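Trainee: This is the structure I want to talk about, given as structure tokens.
The values are calculated or read from the model by the stated rules, or taken from the named source; none is laboratory data. Owing to the predicted nature of the structure, the values given are computational and were not obtained by experimental measurement. In this analysis, Cβ positions are derived from the backbone assuming ideal geometry, glycine residues included, and neighbour counts consider all displayed protein chains. When the accessible area is computed, the model is the full protein with side chains, heavy atoms only, and any ligands, DNA or RNA have been set aside. Shrake-Rupley method; radii C 1.70, N 1.55, O 1.52, S 1.80 Å.
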Amino acid sequence: MSKKLKLSYGLIPIILLNFLYWLCNNYPKHILEFDAKHSIISIAINVIFFSIYNFFLVLIFCKNKTVYSKDIIDNNLPLYKRVEFRKIAFLFGIQLIVDTITILLNKTSVQLFPYFTDILMIVNWIVIYLVLTSREFTFLKNKKVTLVTVVIMLSVFVINAILNIVIFSDYLKLMGKYEESAPILNVALNNAKFLYEIKSLAVDSIFATLLITAHIISNHSHVKSKEYGKKSRVFIRISIFFIAFVILFFSKITIWPDRCICGSRANDSKITNYEEYGMFDEYRRYEEIYRYSKSLKGVQICYSKYDIQIQKDNIETVFLRFYNKDILHKYRAEQNQIIENEYIYKCFENNVKAYLYNSTAVCFYDNNVPKIVLLSELNDCEENLSITYVCEKLISDGNVYIFEYACEYLVKYDFEFVENYISRYSNGEFTKTELRWMEISNYNPQFVEIFAKQFVN
């Protein structure tokens, strides 16, 4: 069997099984689950999965064969050696140790847990390889292959760490601003976990690919054989892997759909708003991916993305991204009262014609020219009457959230107004209306206090 065929027959089933696990359960791969009454069923299914998975690993690393090699089972050996029960049982033991450590580490902070889990996954692969291969056939004897493999592994590990920072960055920012019970925090965490699972699937498969490739090219004795060279035979054999993958997936989602990816939805729409002084166009696109949950008795969103483009006559355009369809802040403060917020809040006073779009962007007309400014970009804005009015109106009404975005802008252009708020907030002093707004909005008063202290002279 040629090197290419041996690599294909070795790599394809492992990568497909990794992908299958991601479709059917939360990644990284694991056996133990204790988060629901029916976890024993999920554990049993995981045991079946790892039995198949470990069988392929033993074939590749221990027997230096693939499922299509000749004599993969030597009938002259004792039964336990034919199937390598000891090796397979040892792999189960390694995975159970990894699962136990992971469960214990789950109590650590969100910032550290992804790194611990990644290190465990990588160490797990290294231990698997060392356990299954003998000194005679290990690729570690080949210095060139070892060096290349180690360099690539280290590179992947560094990239992996950087991706963790990127994936969890939004959630960590929100975690400082909102209380733990805030819905937006839960959605952001689900998104981060979903992206982390995809990244873990990729890293897991890359490490498997590196070790299998290094092992096969270091220990392969090429045997010419017309039988294995026929393209039709190769196509059929590879097709069998994919057919088996489809059968296994539909078996799982039919018999026990818990945690399976069960659907997705995407939609584009156009809405016209802000009609009182000319129209701004709003283009929406949302994407949702679902997993089934036995515990919650139905389909649950595991990833969501809502992209919105606000445009006016192709002159002014901004792009916004939200975690869900709901209003960002469901309530607002006005005249010492807490009332339901509006997706598009009008500010039409003092010759100002402005709208606040979902607590995120100020849309206004400057000498009848449409303008859109994100709150997150206020620090870079030049002074503008409409922007100043909207910021001061909201802050004076008790909408604490805008203080974070408008403070630096107002320090530059109307320090007299914002000085009192900086002084109060930095000392943790809030009005009853402000406290009530933060309470029902799950906003963290400590965040406002710490932020205000940056502007205290």
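Trainee: Of everything in region 342-374 that's in a strand (DSSP E or B), open to solvent by 20 Å² or more (accessible area, probe 1.4 Å) and not aliphatic (A, V, I, L, M), which residue is nearest to Ile310 (Cα to Cα)?
Mentor: Looking at the filtered set, the residue picked out is Lys371.
Trainee: Would you confirm whether any residue within region 178-195 is charged (D, E, K, R), within 25 Å of Ile126 (Cβ to Cβ) and either over 10 Å from the mean Cα position of the chain (by Cα) or outside any loop (DSSP other than H, G, I, E, B) (or both)?
Mentor: No, every residue in region 178-195 fails to be charged (D, E, K, R), within 25 Å of Ile126 (Cβ to Cβ) and either over 10 Å from the mean Cα position of the chain (by Cα) or outside any loop (DSSP other than H, G, I, E, B) (or both).
Trainee: Open to solvent by 30 Å² or more (accessible area, probe 1.4 Å), in a loop (DSSP other than H, G, I, E, B) and of a type outside the set (D, E, K, R), is that true of Asn379?
Mentor: Criteria not met by Asn379.
Trainee: Between a first residue in region 172-198 that is under 22 Å from Ile261 (Cα atoms) and among the aromatic types (Phe, Trp, Tyr) and a second residue that is open to solvent by 20 Å² or more (accessible area, probe 1.4 Å) and assigned to a helix (DSSP H, G or I), which pairs have beta carbons less than 6 Å apart while being 6 or more apart in sequence or on different chains?
Mentor: Tyr196/Ile167
Trainee: Let me ask you something else. Could you tell me whether Leu201 is more than 30 Å from Gly10 (Cβ to Cβ), under 15 Å from the mean Cα position of the chain (by Cα) and buried (at least 18 other Cβ atoms within 10 Å of the Cβ)?
Mentor: No: the conditions fail for Leu201.
Trainee: Now, a different point. Would you check if there is a residue in region 134-148 being out of contact with any helix residue (DSSP H, G or I) (no Cβ under 9 Å at 6 or more places or on another chain), open to solvent by 80 Å² or more (accessible area, probe 1.4 Å) and of a type in the set (Lys, Arg)?
Mentor: yes
Trainee: Let me confirm something: among Ile97, Ile122, Ile88, which residue is of a type in the set (Val, Ile, Thr), loosely packed, with under 15 Cβ neighbours inside 10 Å and either at pLDDT 90 or above or within 30 Å of Ile240 (Cβ to Cβ) (or both)?
Mentor: One residue alone meets the criteria, Ile97.
Trainee: List the residue pairs whose Cβ atoms are under 7 Å apart, where the first residue sits in region 328-341 and is part of a strand (DSSP E or B), the second is open to solvent by 90 Å² or more (accessible area, probe 1.4 Å) and acidic (Asp, Glu), and the two are 6 or more positions apart or on different chains.
Mentor: Tyr331/Glu340
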